[in-house]
Amino acid sequence: MEWFRKELAAGRIESAYHGHSHAVLIAHAESADDLERWLDQIPLSELVDREVEPLSDLFEHMEGVLKFLQKAVRSTENIR
């Protein structure tokens with residue numbers, strides 16, 4: 001517990017949650033390798049399975065989705 005409190009206070013962990021039989025951490029890392037090295041420091045981490053998913057800014061992502069959909073609509077309109 002102390003390790004998590006220390007990392008939260010240092011700003012490395014932005015938020016942490018517990019779900020049914022798993023934990024979710026939002027953490028800051030410079031790279032995927034940096035994150036993996038950091039996760040290996042979690043006490044008893046060798047005893048648990050983990051899945052890492054990179055996150056991106058929602059609004060930046062949605063802008064890309066919107067542009068893609070607009071392009072798709074324009075291309076279907078040209079077919080008609």
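For the reader, a short list of remarks on this structure follows.
- Residue 48 paired with residue 20, simple spin-label distance in nm, labels 7 Å along Cα-to-beta-carbon: 1.8 nm
- Base-10 log of normalised Debye intensity for the chain (one unit scatterer per alpha-carbon) at q = 0.15, 0.19 Å⁻¹: -0.67, -0.90
Every number in this text was worked out from the coordinates using simple rules, so none of it is lab data. The model shown is predicted, which means the values in this text are computed figures rather than measured ones. Neighbour counts run over all protein chains shown; Cβ positions are idealised from the backbone, glycine included.
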